[in-house]
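To start, the structure itself, in structure tokens.
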Amino acid sequence: MAKVILSSTYDDDYLFYVPITAWVWKYFGFDAVVFVPKGGTPLFKLVLDYTLSTTNFVYFEPSNVYSPARLAQCSRLFAGCMDFIAEDEYCLLGDIDMIPLSDYFCRDFDKINYFGHDLTGFEHIPMCYVGMTKQAWKSVMGLSQANAVSAQPLLRATFIDHMLRAMEQYTDNWGLDQDILTDRMRGYGLENCNAIPRGLHGPSHAIGRVDRSYGFDVWMENPIDAHLPRPGFEESSFADISALLGRVFPSSDFRWLAEYREKYVRSRSASSL
């Protein structure tokens, strides 16, 4: 089964989407792997209750140097350390607040694919989306020593060490994960990879993207993916998300989602008292 590699912190702007994003990717044949900080919250327990059982959660240690958000961003690049992923399984990077709306990304699983490089003017390679087998990720990211032994030693001794060593080579910034990815992909050789351009509406709106920054048009023709409005649990945002899901997946029953959102809002209110 193909994997989509995601991450989240316990911030409402991201945490709420975990069950939604995992469900949508599963619809298109991808099991989710979600990196999160160790710890947890009462809301996270609710998130776990509503997230598909096929989702794998990986808990990373905190750092005295980097924020949980920065670690979460960069952690996705090191899924090659995870022993529960088979060497030949295809692993596609994604964002927790972005969902696919078509089978656009279900292609060329035997290649190293990078989507939408044109969206950045061919500068940074976007984290959304780069996909390849776990074995290829190990080559691209220099994880030759990341051999599967057991889960905890991998997470602590290999995953964390590889990630922190890579991060230390760069200035800490919001795009640190893309800095690392772009340099590793270029070092590997873009000529050895499969570029899939996306195309633009205007200067920065990706073709086929239902985007919160561009009116979140749920009736867009031939949608490819969506950048979800946030906070997703707020009434207007949730109404837009529900309308989009209902339109794209008309035969699916989303009563579970309405129930999840209601409990999330209630639990969030109770925890603030």
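Of all residues in region 45-56, those that are closer than 15 Å to GLU259 by Cβ have Cβ atoms under 7 Å from Cβ atoms of residues that are of a type in the set (Phe, Trp, Tyr) and surrounded by fewer than 14 Cβ atoms within 10 Å (Cβ to Cβ), 6 or more apart or on another chain, in TYR50/TRP256. When ILE85, ILE99, ILE112 are checked against the criterion of being closer than 30 Å to PRO250 by Cβ, hydrophobic (A, V, I, L, M, F, W, C) and in contact with a strand residue (DSSP E or B) (Cβ under 9 Å, 6 or more places away or on another chain), a single residue qualifies: ILE99. Using the structure shown, decide if PHE216 is touching a Lys or Arg at 6+ places or on another chain (Cβ under 8 Å) and either in contact (Cβ under 8 Å) with a residue 24 or more places away in the chain or not aliphatic (A, V, I, L, M) (or both). Here the answer is no, as PHE216 does not meet what is asked.
With the condition kept exactly as written, say whether any residue in region 10-33 is over 29 Å from ARG107 (Cβ atoms), part of a strand (DSSP E or B) and not acidic (Asp, Glu). There is no residue in region 10-33 that is over 29 Å from ARG107 (Cβ atoms), part of a strand (DSSP E or B) and not acidic (Asp, Glu). From the set of residues in region 121-175 that are in a loop (DSSP other than H, G, I, E, B) and of a type in the set (S, T, N, Q), which is modelled with the highest pLDDT? Only one residue fits best here, namely GLN169.
Matching residues to (1) modelled with pLDDT of 95 or more; (2) at positive phi; (3) under 19 Å from the mean Cα position of the chain (by Cα):
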residue	(1), (2), (3)
HIS201	no, no, no
SER204	no, no, no
ARG212	yes, no, yes
VAL218	yes, no, no
ILE224	yes, no, yes
PRO231	yes, no, yes
ASP240	yes, no, no
GLY246	yes, no, no
ALA258	yes, no, no
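Could you check, for region 197-213, whether at least one of its residues is surrounded by 12 or more Cβ atoms within 10 Å (Cβ to Cβ) and out of contact with any strand residue (DSSP E or B) (no Cβ under 9 Å at 6 or more places or on another chain)? For region 197-213, residues surrounded by 12 or more Cβ atoms within 10 Å (Cβ to Cβ) and out of contact with any strand residue (DSSP E or B) (no Cβ under 9 Å at 6 or more places or on another chain): present.
The values are calculated or read from the model by the stated rules, or taken from the named source; none is laboratory data. As the structure is a computational prediction, the values presented were derived from the model and not from experiment. No Cβ is skipped: glycine too gets one built from the backbone with ideal geometry, and neighbour counts run over all protein chains shown.
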